[in-house]
């Protein structure tokens, strides 16, 4: 028997929904088996992971809180992925964005100017973009692989964060914990839904998603990026350069990640802590792929991934799962998604007569 | 032992996990497959190797189990990248995340447990040499790894098998036209890379620092990926790169020996920063990169 894949001529809208749904189903099944094999209450674990995040207003609001940064970062990354520019260092750009935003309240802990918050957000965005610009510059000027450079920059960013929190930026009255001073009110984002931790950054993330949609669909620049990545030679003939695609992809990706970092410290954290880096930058890669690198798809996949984060926290308590289970779940999701994508993009032809 | 002797001996040991993983990746990439899941395969190998060595008190069994785990994860990658023609970058990232998650899950019950490291093996005469003597007093895996580097160099450049692997990587269509099963050869190359990455992880967790700590691989898988680029896909240059990074990871000791007090975070960042600089320096020679890069690297092939 021989199996061949024949590319389908036209892709239907089904793809956007079918592949992630199949992936989610297979991931659930595999995790159930895995958790059972580890001797954990598998049913309880899946309930905590998948349903509990939607039970009760508090859980739902926490999902919305996590959705913001994931959506923001994934929109930025997807622009690059579509152009075949692989920025996998959003985690580092988020950390640097958070650091830059924190500089103001750390040095002006009594600040009350209404300009403090906008300045922090701007600093965060610029910081994230600047960190990514290192990778863009090295790629364009020296041909250095952006995958490796962005990843190494993330490992360095983590060390910078540790250095500042253990040294110069440590709160002198913080009982020696590695965290900065608590930010003044002027440095905090307004709460959107009273009684919860959801702030206005989730609106910003939705706005960015809408802009990304318009850019990809209706702007020439989105088309240029797509062509630059898919067919660099054709793009060059048409006058679009690969260098431009690299710069635009990395700067936008870094900007969004930096923005997300700023919103974390000015939002739920209210200070700079090590926990600003909880893997949003890595998870956003999976969010971008699960959303089919489509701005609208990413809104949905960010919501699902956020629910998974909250579910993971719950499962740790109720089913005694380690934090790492969430990463296993995420890894399985991407593995199954990439697998099912093939079956949707291609027609599977079974040839029983043997090799032909 | 003087501090210089300690650094000399330590460099070889620190280079060993990097070299093991990079040599495996070299074979996969020469066959045309870019597997970016090295970090995850190493992490999984480290956890499985530690758990098995801890429960059976056998390092050999630990290494065997780690290589099986590495192969298993690499086969998941191969299914996606070779079987389903998925984007190799995305597939590599996917098994990277999966491997890291499984690693923490498996290692969790043994957090902070320690193992006895196997004894060192001194090579007679050589180990007694002044100054460089400590280089020849290592655990057996170090000797085997550097020996393997020579074998891989010889196989790639001076054997029929090496020619087949290179042909599949340079021009899979031509290789198929003359009768080679491209996908099978690539599958074998990926599995070899998985076994090597698994053992690299086991070396890190059961011999180099025989203590289980979550996240212990700490970017070494990615440095190994970078080493293959630095070495411009040649075994000899990869050995040189691994030694350089082995020495860099002992930066703390070297700085201490020189009497310099630097923040530990700066020293920890050093290997990553040097990776970036080296990558830029070596890649900037575009002509040389074009000559050495595997022509079909990362491109799916419809069997």
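By the count of neighbouring beta-carbon atoms within 10 Å, fewest first, A:117, A:123, B:93 end up ordered A:123, A:117, B:93.
Per-residue mean of foreign Cβ neighbours for B:262-272 is 5 (Cβ atoms of other chains, 10 Å radius).
Compute the acute angle (0 to 90°) between the alpha-carbon long axis of helix B:220-230 and the principal axis of greatest extent of the alpha-carbon atoms of chain B; round to the nearest 10°. Rounded to the nearest ten degrees, it is 60. Peptide B:30-41 shows a mean partner chain C-beta count of 1 within 10 Å per residue C-beta. Our summary gives segment A:74-224 a relative contact order of 25 percent, counting only alpha carbon pairs under 8 angstrom and 6 or more residues apart.
Rounded to the nearest 10 degrees, the inclination of helix A:324-345 to the longest alpha-carbon principal axis of chain A is 30 degrees.
Note: relative contact order over chain A, using C-alpha pairs below 8 Å and six or more positions apart, is 37 percent. Over the protein assembly as shown, the Kirkwood radius and the radius of gyration, each from Cα atoms, give a ratio Rg/Rh of 0.96.
Of the residues A:168, A:268, A:105, the one that moves most in a GNM of chain A with alpha-carbon contacts below 10 Å is A:168.
Cα centroids of segment B:261-303 and segment B:1-56: 18 Å apart. For segment B:143-199, the Kirkwood radius over C-alpha pairs fed into Stokes-Einstein at 25 °C and 0.890 mPa s yields D = 201 µm² per second. Among B:11, A:154, A:278, a tally of other beta-carbon atoms within 10 Å of each Cβ gives an order, fewest to most, of A:278, B:11, A:154. Pairs of Cα atoms under 8 Å, at least six residues apart: use those to get the relative contact order of chain B, whole percent. About 37 percent, as a whole number. Considering chain B as a Gaussian network with a 10 Å cut-off on Cα pairs, which listed residue, B:168, B:142, B:125, attains the greatest mean-square fluctuation? Ranking B:168, B:142, B:125 by mean-square fluctuation puts B:125 first. Taking every residue in B:214-220 and counting other chain Cβ atoms within 10 Å of its Cβ, the average works out to 2. Separation of segment B:196-259 and segment A:173-207, taken as the distance between their Cα centroids, equals 39 angstrom.
Values of log10 I(q)/I(0) for chain B across q = 0.06, 0.08, 0.13 Å⁻¹ run -0.19, -0.35, -0.91, by the Debye formula with one identical scatterer at each alpha carbon and no solvent. Taking the number of Cβ atoms within 10 Å of each Cβ as an exposure proxy, the fewest-first ranking of A:141, B:220, B:237 is A:141, B:237, B:220.
Seen against the Cα atoms of chain A and their longest principal axis, helix A:116-142 is set at about 50 degrees.
If I model segment A:69-293 as equal point scatterers sitting on the Cα atoms and use the Debye formula, what is log10 I(q)/I(0) at q = 0.12, 0.15 Å⁻¹? The Cα Debye sum returns log10 ratios of -0.63, -0.92.
All of the numbers you see were taken from the coordinates with simple rules; none came from a lab. These numbers were taken from a predicted model, which means no experiment stands behind them. Every residue, glycine as well, gets a Cβ built from its backbone with ideal geometry; the counts of neighbours run over all protein chains shown.
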